[in-house]
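To start, the structure itself, in structure tokens.
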Amino acid sequence: MNRLAGKVALITGAGRGIGAAIALAFAREGAAVVLAELNLETARQTAQRIESETGARVLAVETDVTQAASVRQAVSEAEQAFGAPDVLVNNAGINVFCDPLTMTDDDWRRCFAVDLDGVWNGCRAVLPGMVERGSGSIVNIASTHAFKIIPGCFPYPVAKHGVIGLTRALGIEYAPRNVRVNAIAPGYIETQLTHDWWNEQADPAAAQQATLALQPMKRIGRPEEVAMTAVFLASDEAPFINATCITVDGGRSALYHD
Ligand SMILES: NC(=O)c1ccc[n+]([C@@H]2O[C@H](COP(=O)([O-])OP(=O)(O)OC[C@H]3O[C@@H](n4cnc5c(N)ncnc54)[C@H](O)[C@@H]3O)[C@@H](O)[C@H]2O)c1
């Protein structure tokens, strides 16, 4: 409790899934939270749930992370409501899984627009204030696709590799100003995104079983388990952790094969 007391946190894509779990965990730890989300309806519902469960100060703001002006506006609304964000979690992301040579130009662009430009737009909007104040923590939600490849999932891993590069570059640039930039690489986490992927397969039940069979812990992760790591990185318990990535995948990416 209160590991984030007095802090203001802005979380993108927080209407559901991992982002919603992070917003709830932050609120439980005493932060005022801003849910910056494309889908204002889910953001409002989640904000209400968090407020009634925790009593924290919560704000839902319609935000499209692909648009720099929209992200700047969300930061400005956060400032007006609660004060400048001490913590930014760039969580909004989409799966774009294609065969490289049949992928359309639009697939490439919408993947990078959300999964990489979106992260930069978030960083760009909060960094000047964090640098000026001499403190801040940015947490970028990458993926194990940031260092492992599954055929047919192009270009999502390319964008997620970029998120790690961005994290390392900005972490080094602003370390002298006490602004830390880190990433989390979740493995399979049970969210709507994962269920949508299973449901797109010819045999969804078999696809789900195949995924579980690949996991050393014989289960996939829960959004709350990613959120716990985000709390740690956002808090004052990680003052010397910077420009790095913490993997939350139950050991899956360390496994060669059974
Ligand atoms: N679920 C997994 O297994 C998994 C694994 C590794 C990484 N991730 C990453 O975690 C993050 C969250 O994934 P999730 O599973 O919770 O997904 P999700 O689809 O359940 O939630 C993503 C949220 O982002 C929002 N969003 C999408 N585009 C947006 C935009 N342009 N601007 C603002 N918000 C936008 C959506 O409306 C949605 O509420 C993503 O970056 C994803 O790549 C997920």
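The values are calculated or read from the model by the stated rules, or taken from the named source; none is laboratory data. As the structure is a computational prediction, the values presented were derived from the model and not from experiment. Don't worry about glycine lacking a Cβ; one is built from the backbone with ideal geometry, like all the others, and counts go over all protein chains shown. The accessibility values were calculated without ligands, DNA or RNA, using every heavy atom of the protein model including side chains. Shrake-Rupley method; radii C 1.70, N 1.55, O 1.52, S 1.80 Å.
Ordering 24, 123, 68 by Cα displacement along the dipole of the range 1-127 toward the positive end leaves 24 in first place; charges were set at the Cβ atoms of Lys, Arg (+1) and Asp, Glu (-1).
Send over a whole-number figure in Å² for the accessible area per residue of the chain, probe 1.4 Å.
Result: 48 Å² per residue.
DSSP finds beta bridges in the chain, and of those with both partners inside it, around 5 percent are antiparallel. Considering the dipole of the chain built from charges on the beta carbon (Lys and Arg +1, Asp and Glu -1) around the Cα centre, which of 8, 40, 93 is farthest to its positive end? Going by the charge dipole, the pick is 8. Rg ratio for the range 215-258: its Cα radius of gyration over 2.2 N^0.38 Å, N being its residue count, equals 1.38. Dipole check for the range 158-258: with +1 at the C-beta of Lys and Arg, -1 at the C-beta of Asp and Glu, and the Cα centre as origin, the magnitude is about 300 Debye.
Computed from the Cα positions only, the extents of the chain along the three principal axes stand at 48, 37, 34 Å, in decreasing order.
Mean sequence separation of contacting Cα pairs (under 8 Å, at least six apart), scaled by the length of the chain, corresponds to a relative contact order of 19 percent. What residue among 34, 179, 119 shows peak mean-square fluctuation when the chain is described by a Gaussian network model with Cα springs under 10 Å? Highest fluctuation among the options: 179.
Explain nothing, just the number: dipole magnitude of the chain about its Cα centre with +1 on each Lys and Arg Cβ and -1 on each Asp and Glu Cβ, in debye rounded to the nearest 20.
620
Projecting the Cα atoms of 102, 135, 113 onto the dipole axis of the range 61-138, where Lys and Arg carry +1 and Asp and Glu carry -1 at the beta carbon, places 135 farthest toward the positive end. Which of the trypsin sites (Lys or Arg not before Pro) found in the range 189-258 are in a DSSP loop and have at most 16 neighbouring Cβ atoms, other than their own, within 10 Å? Answer by residue number: 218, 219. Of the GluC sites (Glu not before Pro) in the range 154-258, the ones in a loop by DSSP (not H, G, I, E or B) with at most 12 other beta carbons within 10 Å are 237. Ligands, DNA and RNA left out, the 1.4 Å accessible surface of the range 1-62 is 44% carbon and sulfur atoms. If you wrap the tightest convex hull around every Cα atom of the range 149-258 and split its volume per residue, you get 119 Å³.
Rank these by accessible area, largest first, 1.4 Å probe: 196, 105.
Per-residue accessible area, sorted high to low, gives 105, 196.
Overall, the range 53-165 carries a charge dipole of about 300 debye about its Cα centre when +1 sits on the Cβ of Lys and Arg and -1 on the Cβ of Asp and Glu, all other atoms neutral.
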